[in-house]
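Okay, so here's the structure we're looking at.
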2 protein chains.
Amino acid sequence: MSPERLARINAMLDMRQPDLTICLEDVHKPHNLSAMIRTADAIGVPEVHAVFLGEDNRLRGGTATGSQQWVKVNRHQSIGDAVARMREQGMQVIATNLSEKAVDFRSIDYTKPTAILMGQEKTGISQEALALADHDVIVPMVGMVQSLNVSVASALLLYEAQRQRQAAGMYGQRRLDEAECQRLLFEGGHP
Amino acid sequence: MSPERLARINAMLDMRQPDLTICLEDVHKPHNLSAMIRTADAIGVPEVHAVFLGEDNRLRGGTATGSQQWVKVNRHQSIGDAVARMREQGMQVIATNLSEKAVDFRSIDYTKPTAILMGQEKTGISQEALALADHDVIVPMVGMVQSLNVSVASALLLYEAQRQRQAAGMYGQRRLDEAECQRLLFEGGHP
Ligand SMILES: C[S@@+](CC[C@H](N)C(=O)[O-])C[C@H]1O[C@@H](n2cnc3c(N)ncnc32)[C@H](O)[C@@H]1O
Ligand SMILES: C[S@@+](CC[C@H](N)C(=O)[O-])C[C@H]1O[C@@H](n2cnc3c(N)ncnc32)[C@H](O)[C@@H]1O
């Protein structure tokens, strides 16, 4: 591996936020999955979670442009399993949901360990997922459409988290565990 | 038209921001176009601009879920024509560009009349467009990918504009001209 590439990967590792993630509940259009993984990588989310109701090979292809090498995708059998995993990691669980009781997405403190649940393109988030979450949040809309594209909605939450974490000084000091850093340095050096 | 629908359309018209727009420079994937128009509608952009280098019938289909009825798409022959139109309307022109000299997208004052230029999926924004713009802006990225999905990037800028305009009290008073309101009320009432 060239010294430049090593430095680039190390700089990226210093920005990773191990206590921030998204969980995709049956999001299945490849272009949405790709866009979401790209955004996760861009703000330093090292690992995302996914629950698929049908076959689960949809993460191949699309235009995630290499980000899948850098963002680990954890598949789970059910949303219950996925949330249990996030709870073990001490995360608050935020469901994005187009309901009356949802609060503005900007009112949440994303400097806390946080998992954000995103719903399926057509049907949205499940009742089961809602029941497991601490808060429902909504991105305000003042037009005629009922919802935003799911990759757009997740990016708005993730960049709000990035803004808050940047202000709180949470970037630029290594927070990812050493074994994971070594794995990424090894795999990234020998692609 | 039912009284409820009339009230809904009137409420939407009170939120429209006639002095905020995006211009798509050869953005051509239908799912990106659809997502961008949905987001425009959601924050109250009444009209977007598009320059297509190939055939220009790509806005049909996709999942803009009815928003194309509510957001006017103005096609232009060239980026020069498009920018001339925005300048006539007194707008500052902001180019999104992955360059060294680009400033953070959050440092711009979007309460001013503003047009945001978005580049093509593969090639990005053209030199011609950059030369016509007042500022280059970038959405900060700290991962390994080179760029965000174009509909994601435009949504981040538009929702930053929404945040600033909301804080400045620019929503909730009718700012769209009366003829355009009448057209939308008529067409929306007789879809
Ligand atoms: C296209 S939407 C699903 C629409 C579905 N008809 C519903 O009512 O939930 C897909 C997912 O995008 C996210 N989403 C879309 N618009 C949102 C908004 N304005 N606020 C929060 N989440 C949103 C949610 O995760 C949602 O489950
Ligand atoms: C996929 S990118 C194009 C990448 C192209 N290789 C380049 O270097 O410009 C498509 C468009 O999305 C927007 N975009 C993507 N990521 C961005 C970012 N981080 N900041 C600002 N704009 C971005 C720009 O409008 C860009 O032209």
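At a glance:
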| read-out | value |
| --- | --- |
| Positions within region A:161-176 being under 18 Å from the mean Cα position of the chain (by Cα) and open to solvent by 80 Å² or more (accessible area, probe 1.4 Å), in sequence order | A:Arg163, A:Gln166 |
| Odd one out for A:Thr111 among (1) within 14 Å of another protein chain (Cβ to nearest Cβ); (2) under 14 Å from A:Thr21 (Cα atoms); (3) more than 14 Å from ligand 1 (Cβ to nearest atom) | (1) |
| Pick from region B:1-27, criterion polar (S, T, N, Q) and surrounded by fewer than 18 Cβ atoms within 10 Å (Cβ to Cβ), ranking: nearest to B:Gln69 (Cα to Cα) | B:Asn10 |
| Subset of region A:28-42 [at the interface with another protein chain (Cβ under 7 Å from one of its Cβ atoms) and open to solvent by less than 10 Å² (accessible area, probe 1.4 Å)] | A:Ala35, A:Thr39, A:Asp41, A:Ala42 |
| Odd one out for B:Pro140 among (1) open to solvent by 50 Å² or more (accessible area, probe 1.4 Å); (2) within 14 Å of another protein chain (Cβ to nearest Cβ) | (1) |
| Qualifying position, being at pLDDT below 90 and either within 14 Å of chain A (Cβ to nearest Cβ) or more than 16 Å from ligand 1 (Cβ to nearest atom) (or both), among B:Phe52, B:Phe105 | B:Phe52 |
| Unmet requirement for A:Asp41, which otherwise passes all of (1) within 19 Å of A:Thr114 (Cα to Cα); (2) not in a helix (DSSP H, G or I); (3) not aromatic (Phe, Trp, Tyr) | (2) |
| Members of region B:78-123 that are crowded, with 20+ Cβ neighbours inside 10 Å, of a type in the set (Gly, Ala, Ser) and more than 30 Å from B:Gly169 (Cβ to Cβ) | B:Gly119 |
| Test set (1) without any contact (Cβ under 8 Å) to a residue 60 or more places away in the chain; (2) surrounded by 15 or more Cβ atoms within 10 Å (Cβ to Cβ); (3) more than 26 Å from A:Arg16 (Cα to Cα) - A:Leu156 fails condition number | (3) |
| Selection count, region A:114-157, where residues are within 16 Å of ligand 2 (Cβ to nearest atom), among the polar types (S, T, N, Q) and over 15 Å from A:Asp26 (Cβ atoms) | 1 |
| A:Arg8 being at pLDDT below 95 and either of a type outside the set (Phe, Trp, Tyr) or not in a strand (DSSP E or B) (or both) | yes |
| Set B:Gln166, B:Gln162, B:Gln173: member being more than 7 Å from chain A (Cβ to nearest Cβ), more than 16 Å from ligand 2 (Cβ to nearest atom) and farther than 30 Å from B:Val103 by Cα | B:Gln173 |
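Table: residues versus (1) under 16 Å from the mean Cα position of the chain (by Cα); (2) over 21 Å from A:Phe52 (Cα atoms).
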| site | (1), (2) |
| --- | --- |
| A:Ile94 | yes, no |
| A:Phe105 | yes, yes |
| A:Thr111 | yes, yes |
| A:Ile116 | yes, no |
| A:Lys122 | no, no |
| A:Ile138 | no, yes |
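The values are calculated or read from the model by the stated rules, or taken from the named source; none is laboratory data. Bear in mind that the values here come from a model prediction, so they are computed numbers and not experimental data. Don't worry about glycine lacking a Cβ; one is built from the backbone with ideal geometry, like all the others, and counts go over all protein chains shown. Surface areas here come from the heavy atoms of the whole protein model, side chains and all, with no ligands, DNA or RNA. Shrake-Rupley method; radii C 1.70, N 1.55, O 1.52, S 1.80 Å.
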